[in-house]
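Asker: Attaching a single structure in structure tokens format; questions to follow.
Bear in mind that the values in this text are calculations on the coordinates, not laboratory data. Model, not experiment: these values are computed from the prediction. Here the Cβ is made from the backbone with ideal geometry for all residues, glycine too, and neighbour counts use every protein chain on show.
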Amino acid sequence: MSVHKTLKSVSSGETAFIIGVAAGRRARYRLESMGIFPGIKVDVLNNGNGPMIVSVGEGRVMVECGIAQKVLVA
């Protein structure tokens, strides 16, 4: 059984590659609407207390901690 890191475990200033989303349809749709889906690269700008801020392409989005724990990264 392979264990993957989650987006929440990525530190500020690091880059992650999205490999999957272990969440329900609504959460996946919400992430996709923000540009977060398997196959893309995100830069973590802030992973402190509260929601994360990540850079996706040319934009920045805020991801709630609970949702970030369901995003699998490499």
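Asker: Can you tell me how many residues in the range 10-39 are loosely packed, with under 13 Cβ neighbours inside 10 Å and hydrophobic (A, V, I, L, M, F, W, C)?
Answerer: Number satisfying all stated conditions: 2.
Asker: Name the residue that is farthest from A74 (Cα to Cα), counting only residues in the range 10-20 that are outside any strand (DSSP E or B) and either polar (S, T, N, Q) or in contact with a Ser or Thr (Cβ under 7 Å, 6 or more places away or on another chain) (or both).
Answerer: Looking at the filtered set, the residue picked out is S12.
Asker: Here's something else I'd like to know. Output the residue which, of all residues in the range 21-74 that are touching a residue at least 12 places away in the same chain (Cβ under 8 Å) and assigned to a helix (DSSP H, G or I), is nearest to K8 (Cα to Cα).
Answerer: Ranking the candidates gives A68 first.
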